[in-house]
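Take a look at the structure below.
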Amino acid sequence: MSASVAAPPARVLVTKIGLDGHDRGSRIVASYLRDAGMEVIYTPPWQSIDSVVNMAVQEDIEVIGLSSLATDHLVVPELMQRLRSAGLGEIGVIVGGIVPDSEHPMLLEAGVSNIFGPGATREEIIACVADLAANTRSVRGTDQESD
Amino acid sequence: MSRDPLQLVLPGFEQELADWRGRYQAQIGEDPVVRNRSGIEIRPLYTPDDWTGNRYLEDLGFPGKPPFTRGVYPTMHRGRRWSQRQLIGLGTPEDYNARVKCLLDSGGSAISLIPCNSVFRGVDCDEVSSSLLGTCGTVVNTVSHMDACLDGVAIAEISTALNDPSPFTLFAFLLGIAKQRDIPWTRIAGTSNQSDYISHFVANHMFYRLSLPGSRRVLLDHIEFCQQQVPSWNAVSVVGQHMQQAGATPAQAMAFAICTAIQYADDCIARGMDAETVLRRFTFFFDISISFFEEVAKFRAGRRLWARIVRDRFGVNDPRAMRFRFHAQTSGVDLTRQQPANNIARITLQALAGIFGGLQSMHTDGYDEAISCPTIESAKIAMATQNILRDEAHLCDVIDPLGGSYYLETLTDQIEAEIEDLIKPIDAAGGMYNAVESGLVQGIIGQSALAFQERIESGRQKVVGVNCYKDDLEDVEPSPYRPDPIAMERLVADFLRHKEQRSKRGTRVTLDELARAASSKSENIFAAVVESAAAGATHGEIVACLRAELGFGDPLIVP
């Protein structure tokens, strides 16, 4: 098309792992991202870590947004480990919901890019996801954009 | 709406009203439309022009008589204070026991038990990552866990609410310890606080342990079993709270709860149960948001409408079956992670709305519940909040003290009308079960959740510390509750030992019997659930057995 190539929409997986099913937050964030023009793959709660890794591969995911209300963020480091072993370390992962300050370092050290707590705005979240998607795409190379 | 009587009783009223209106408009300047959370337009002043009281006997009447607008009992809180029933769920059974005893010593008059999310998911403690055990509820997988939870608690004397969704294993464990303690089941009183599977499917809250049809059958089995064997147990608690926490407006939450109650009553009647007997044990469970007058009106309107529905839809005229008894919980959605101590003020206001709304039982949140399960410090403040409201503030002196307010009575009428409007499409869809299966209800709630969030983000709905009066320096987060990992490891080890040491044959025989009862389609499975639990079967085993027979529920996602 034109010389100024519009970036394709970010491909984002919005999901919940662990044991809790409160999905008000994840549904709202999924709507925000969809309204911002992103390709959102939304799942029900209670995904296993395996299924998240599989979806990330099958859906060519660039960013994973995990919602946690009731301490499920405590198993996110395990997911990060598994993504890396599956060769998906370039995927940006963000966590949203209730994560106590004292547990932020654990997630950041495990490779989570950003944590959005209560009060985070739509704009901040969208900007972060767009950046992470661009980053994933640049790591993966530009060969998919040639058509 | 005839004006003439008003002019006769209050000569000059019209003129004075017009005069005030003129002065109001001259002074107010910009006067944007105000709407409450249910979308009802709120005017600046209410007078006898809005509500005259000329339908007092039909619409309000007296406490303890239909339509119960002013309360379900003749004496209400003046005669009997509400049950101070804090939701409790944390750590190991021993942690739970210590917390329960502490809260009973601090003013609690009834108890509740929230199990760990692993229990809600239908699995045992050895099947999940140990880091998630006990963070938001107590690990209860066996009769002996329940025994430890309630060690030293007089279960025949106190009302127990179990947050125990289908297939009600916690209830089976409770009956197991009653037997061990030689307490007849007829003396066990309380509520299956999460028996409302429809609300779980709607709000996606915690579990999909059994399929929708499977859950429907098991609830009916549970109701029937309780009627016959545990007559003081409220087998049905309809949870409007889940709907409101998921985003429903107060009017929507009340409407959907009433539709759910209608569905359960219809199902019981279709099975051949007696409507009057069934309805006498129905209870409800609601959220109390900080939209103060709206919440008071919601409870009064729901109470009145339910009495009318019981009479008109079910043809039941026994006042005991028309009573809209409810537990309510201060809303977690209104609490903020920012400046968390402010939540104490929010919780107090919410609780006040619940008390003026005429509740029978209340949970006040801990101020740190936007961060974690309450710590002991915040749980004690939450209990003290109830004590202060009950004992210091003279709130219990008068029954339905806001009744007769022009505003509140108008709002009660408007919310009742709104609830009736919301019930119509659910009726048209064939009732709540169908409306949930098709996603209709979830779609409505999702829209409301999004609209509310947009009001907060745009600043139209102010939230102190979130979109105004922000103060990052003051924003110190309380430490979250986390269970002791060593105690949790020990619990899992003990659990594995229990599975080794129990009579394997006894457990297998009872679980086989449960599977057979479930596959029979017509047999009541609940006796077999109780037998399996008593024989040492675990929560996860009972759920797995029923899942194999009745199917596993898949969450329905509504875009």
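Of all residues in segment B:132-150, those that are farther than 17 Å from B:Q194 by Cβ, in contact (Cβ under 8 Å) with a residue 24 or more places away in the chain and part of a helix (DSSP H, G or I) total 5.
Scanning segment B:333-388 for residues that are at pLDDT below 95, among the β-branched types (V, I, T) and farther than 17 Å from A:D101 by Cβ, which turns out surrounded by the fewest Cβ atoms within 10 Å (Cβ to Cβ)? Within segment B:333-388, the match that is surrounded by the fewest Cβ atoms within 10 Å (Cβ to Cβ) is B:I376. Filter segment B:74-95 down to the residues that are part of a loop (DSSP other than H, G, I, E, B) and free of Cβ contacts under 8 Å to residues at least 24 places away in the same chain and list them by number. Those that are part of a loop (DSSP other than H, G, I, E, B) and free of Cβ contacts under 8 Å to residues at least 24 places away in the same chain: B:P74, B:R80. Under the condition of being within 9 Å of chain A (Cβ to nearest Cβ) and surrounded by 18 or more Cβ atoms within 10 Å (Cβ to Cβ), the residues counted in segment B:446-456 number 3. Evaluate segment B:74-87: report whether one residue or more is within 22 Å of B:C373 (Cβ to Cβ) and aliphatic (A, V, I, L, M). Within segment B:74-87, one or more residues are within 22 Å of B:C373 (Cβ to Cβ) and aliphatic (A, V, I, L, M). Of all residues in segment A:12-44, those satisfying the criterion of being in contact with a helix residue (DSSP H, G or I) (Cβ under 9 Å, 6 or more places away or on another chain), free of Cβ contacts under 8 Å to residues at least 12 places away in the same chain and more than 10 Å from A:S67 (Cα to Cα) are A:I28, A:S31, A:D35. On the stretch given as segment B:35-50, residues that are under 12 Å from B:F293 (Cβ atoms) and not in a loop (DSSP other than H, G, I, E, B) total 1. One residue stands out in segment A:6-25 among those that are over 11 Å from the mean Cα position of the chain (by Cα) and more than 7 Å from chain B (Cβ to nearest Cβ): the one that is surrounded by the most Cβ atoms within 10 Å (Cβ to Cβ), namely A:I17. Candidates are the residues of segment B:321-335 that are away from chain A (no Cβ under 14 Å) and aliphatic (A, V, I, L, M); the one that is farthest from B:A255 (Cα to Cα) is B:A321. The residues of segment B:336-362 that are out of contact with any helix residue (DSSP H, G or I) (no Cβ under 8 Å at 6 or more places or on another chain) and either away from chain A (no Cβ under 14 Å) or part of a helix (DSSP H, G or I) (or both), listed by number, are B:P340, B:A341, B:N342, B:N343, B:A345, B:R346, B:Q360, B:S361. On inspection, B:R70 passes the criterion of being more than 30 Å from B:A18 (Cα to Cα), of a type in the set (D, E, K, R) and in contact (Cβ under 8 Å) with a residue 24 or more places away in the chain. Restricting attention to segment A:37-51, the residues that are closer than 16 Å to A:I94 by Cβ and away from every other protein chain (no Cβ under 14 Å) total 1.
Might you let me know whether segment A:112-130 holds any residue that is in a loop (DSSP other than H, G, I, E, B) and crowded, with 19+ Cβ neighbours inside 10 Å? Within segment A:112-130, one or more residues are in a loop (DSSP other than H, G, I, E, B) and crowded, with 19+ Cβ neighbours inside 10 Å. When segment B:110-126 is filtered for residues that are part of a helix (DSSP H, G or I) and either buried (at least 24 other Cβ atoms within 10 Å of the Cβ) or within 11 Å of another protein chain (Cβ to nearest Cβ) (or both), the ones remaining, listed by number, are B:N117, B:S118, B:V119, B:F120, B:C125.
Selection of segment B:360-383 for residues being within 30 Å of B:F68 (Cβ to Cβ) and not hydroxyl-bearing (S, T, Y) yields B:Q360, B:M362, B:H363, B:D365, B:A382, B:M383.
In the set B:S199, B:S166, only one residue is buried (at least 23 other Cβ atoms within 10 Å of the Cβ) and farther than 20 Å from B:E531 by Cβ; that residue is B:S199. Residue count for segment B:425-445 under the criterion of being closer than 14 Å to B:R216 by Cα and touching a Gly at 6+ places or on another chain (Cβ under 8 Å): the result is 0. Screening segment A:70-92 for residues that are buried (at least 24 other Cβ atoms within 10 Å of the Cβ) and not small (G, A, S) and picking the one that is farthest from A:Y42 (Cα to Cα) gives A:T71. For segment B:132-163, the candidate set comprises residues that are over 20 Å from B:G536 (Cα atoms) and within 14 Å of chain A (Cβ to nearest Cβ); within that set, the residue that is surrounded by the fewest Cβ atoms within 10 Å (Cβ to Cβ) is B:L132. Set side by side, the residues B:V492, B:V530 differ, and just one is in contact with a helix residue (DSSP H, G or I) (Cβ under 7 Å, 6 or more places away or on another chain) and closer than 30 Å to A:E103 by Cα, which is B:V492. Checking each residue in segment B:424-456 for being within 30 Å of A:T121 (Cβ to Cβ) and not in a helix (DSSP H, G or I) picks out only B:G439.
You will find that of B:Q227, B:Q241, B:Q245, the residue that is touching a residue at least 40 places away in the same chain (Cβ under 8 Å) and more than 14 Å from the chain's Cα centre (by Cα) is B:Q227 and no other. The number of residues in segment B:463-499 being hydrophobic (A, V, I, L, M, F, W, C), out of contact with any Asp or Glu (no Cβ under 8 Å at 6 or more places or on another chain) and away from chain A (no Cβ under 11 Å) comes to 7.
The values are calculated or read from the model by the stated rules, or taken from the named source; none is laboratory data. Since we're looking at a predicted model, the values are computed, not measured. Methodologically, a virtual Cβ is constructed for each residue, glycine included, from the backbone with ideal geometry; neighbour enumeration extends over all protein chains shown.
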